[in-house]
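One structure below.
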């Protein structure tokens with residue numbers, strides 16, 4: 001079971017990175033087309049900055065889960081030495097469980113936020129696209145983080161680990 005979950009999480013990370021690359025490329029293409037249009041043709045690409053912003057949001061939320069997958073996210077370390085090293089495995093599990101709970105609470109809030117945006121049919125005033133689809137990456141990013149932290153809490157051996165400070169390589 002643990003090996004299956006690790007492979008599944010690795011496959012999800014690969015898909016996220018692929019979408020991230022395309023999202024960054026699309027964001028760059030929109031901004032570049034807008035700048036070239038303004039400088040060369042004296043007319044920018046209509047709505048380019050909004051489309052670029054939406055791709056930026058997608059990239060940011062997928063990057064959030066990739067950072068969790070690689071243990072590259074920022075976290076406070078001020079309290080790391082307060083418990084004996086013997087408790088480290090338990091504290092890691094508790095940390096992943098707390099992170100999963102926090103992600104779940106954010107998902108809950110985002111779900112309500114998206115439902116209200118959809119209910120009121122809020123739209124981007126310039127390009128007239130509904131806003132709620134542009135908010136779905138928030139659910140995806142925090143949802144994947146929630147699932148990843150739950151998996152790491154259940155199977156701590158599959159969780160990535162940063163090298164110990166001062167460890168020899």
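The values are calculated or read from the model by the stated rules, or taken from the named source; none is laboratory data. Note that the structure is predicted; figures quoted are calculated from it, not measured. Reconstructed Cβ throughout: ideal geometry from the backbone, glycine too, with neighbour counts over all protein chains shown.
Checking each residue in region 9-21 for being over 13 Å from residue 63 (Cβ atoms) and surrounded by 14 or more Cβ atoms within 10 Å (Cβ to Cβ) picks out 9, 12. If you go through region 24-45 one residue at a time, how many are surrounded by 13 or more Cβ atoms within 10 Å (Cβ to Cβ) and farther than 20 Å from residue 134 by Cα? Here the count works out to 7. Of everything listed in (1) closer than 26 Å to residue 153 by Cβ; (2) modelled with pLDDT of 95 or more, the single unmet condition for residue 82 is (2).
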